[in-house]
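The values are calculated or read from the model by the stated rules, or taken from the named source; none is laboratory data. Source: prediction; values computed, not measured. Don't worry about glycine lacking a Cβ; one is built from the backbone with ideal geometry, like all the others, and counts go over all protein chains shown.
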Amino acid sequence: MWRVAAVRALRGGGAGAPRAASGAAAAQLRRRLESELEDIRGAGTWKSERVIASRQGPHLQLAGGGAGACGERRGGRLSVPSPGAMSLLLSVSAGIINFCANNYLGLSSHPEVIRAAVEALEKFGAGLSSVRFICGTQSIHKDLEDKIARFHQREDAILYASCFDANAGIFEALLTPEDAVLSDELNHASIIDGIRLCKANKYRYKHMDMQDLEAKLKEAQKHRLRLVATDGAFSMDGDIAPLREICQLAQKYDALVFIDECHATGFLGPNGRGTDELLGVMDKVTIINSTLGKALGGAAGGYTTGPKPLIDLLRQRSRPYLFSNSLPPAVVGCASKALDLLMESNAIAQSMAAKTQRFRSKMTAAGFTISGKDHPICPVMLGDARLASVMAEDMLNRGIYVIGFSYPVVPKGKARIRVQISAVHSDEDIDRCVEAFTEVGRKHGALP
Ligand code: PLP
């Protein structure tokens, strides 16, 4: 006992120390959870989190001199940093170049966005302590909804705490057992979960395969209403849904089209409206869900925009909207200012597009294969999971923060390092990244 007390004292235990729940059920639960966690580690799919001590941006400082960046906490202790992690500690002091945030337009730390958040916080307070329909709608929520609808040239919009919530809330509210939903097999997890929650008939078509979609649409003719649901841009491959063809099929088989624009809003298309603008089908897509947590300031929040009666119905029926707190004013302030900046000019989006082009063409010239086309998500295809992992670690040793993805996040044999370009990367940042890839690729045999 004295040992336990001494250890607690050393760890600053006492009144605030965590208490383990007692009892056989709690002990059984703990054993089960620990074994499950061990399985995840054993499968090599453990996701560790680097702790950032600075704002989100193209250059980052990691917390705690880097220890938080590379040590994994086990039983309250940090594991010993690996040699790779040790060299990361050295690069931390100089900062690292960040290529793995969805901060496509660099607005997360834009001074005007931050100022707008502070002003909204001061004027409207920390939060509403309420859901929207009880006592939680402020003028800024209505203004932002109007602005989103205008930005997308739709009739109305409704805010959610996240796009995950928007996706979780729409299908159940809209579709009944008489209806059908047809979903791309690689749609985001939140679309998959949202569809699971609804009682409509479910069809899954092969990724971007128009023949398969047509076959499924034919099969679904027996239902009252058909909704085709797809990501506008897919986050693992940086590929863009063939919306023209999808909309043609939807017209032929009398279906509606829903797109998730999380990786498109703010920067795809001549005015950054998204995939529907890029592919010239703004008048053919019925419903758009998107996020405020990526290009539009990066704070948090999501929305649905589309026909007014649909938005009105969501306010009455959509459970994540009805039963979750209103978006905090500071978050609303960030997104609202981000939209103002984008509606004033498309210079930021153009700058991001130019940097994406620079990265893609230099990497291709260096001998790498980059998946997708013209999208700031640039997956560097490597095939082998171990190669992706060691190369990503070695990139970090050189001060470049990128993430390797392998099975089960992507299909077997399609491991890659995903690079995400932002408008606030400098040409030098991009060139340093390409140089580091070339060195590391040669060292590990990914390049001759
Ligand atoms: N849809 C897609 C395609 C996404 O990539 C994400 C986030 O990663 C979401 C939805 C969820 O967005 P949010 O972070 O606003 O919940």
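Here are some notes:
- Condition check for residue 314: more than 19 Å from the chain's Cα centre (by Cα), crowded, with 21+ Cβ neighbours inside 10 Å and free of Cβ contacts under 8 Å to residues at least 60 places away in the same chain: no
- Test: residue in the range 358-367 that is surrounded by 21 or more Cβ atoms within 10 Å (Cβ to Cβ) and either over 22 Å from the mean Cα position of the chain (by Cα) or closer than 30 Å to residue 134 by Cα (or both): yes
- Of all the listed residues (264, 233), the sole one being touching a residue at least 60 places away in the same chain (Cβ under 8 Å), under 27 Å from residue 333 (Cα atoms) and crowded, with 21+ Cβ neighbours inside 10 Å is 233.
- Evaluating residue 229 against the criteria (1) within 15 Å of the ligand (Cβ to nearest atom); (2) in contact with a Lys or Arg (Cβ under 6 Å, 6 or more places away or on another chain) leaves one unmet condition, (2).
- Set 338, 365, 354: member being closer than 25 Å to residue 423 by Cβ and in contact (Cβ under 8 Å) with a residue 40 or more places away in the chain: 338
- Flag if residue 281 is farther than 15 Å from residue 158 by Cα, within 16 Å of the ligand (Cβ to nearest atom) and of a type in the set (Val, Ile, Thr): no
- In summary, strands (runs of 3 or more DSSP E) completely within the range 331-448 and bearing 1 or more residues that are in contact with a Cys (Cβ under 9 Å, 6 or more places away or on another chain) and not β-branched (Val, Ile, Thr) occur at 415-420.
- The residue that is nearest to residue 213 (Cα to Cα), counting only those in the range 143-182 that are among the polar types (S, T, N, Q) and surrounded by fewer than 23 Cβ atoms within 10 Å (Cβ to Cβ), is 176.
- Filtering the range 204-211 for residues that are under 17 Å from residue 256 (Cβ atoms), within 16 Å of the ligand (Cβ to nearest atom), under 21 Å from the mean Cα position of the chain (by Cα) and assigned by the TED database to the domain that holds residue 160 leaves an empty set.
- Filtered by the rule that a residue be on the phi < 0 side of the Ramachandran plot and touching a Gly at 6+ places or on another chain (Cβ under 8 Å), the range 235-259 gives 237, 239, 240, 241, 243, 244, 259.
- Of all residues in the range 307-330 being touching a Gly at 6+ places or on another chain (Cβ under 8 Å) and assigned to a loop (DSSP other than H, G, I, E, B), the one that is farthest from residue 351 (Cα to Cα): 318
- Selected residue (criterion: nearest to residue 116 (Cα to Cα)) from residues of the range 269-306 that are among the polar types (S, T, N, Q) and in a loop (DSSP other than H, G, I, E, B): 271
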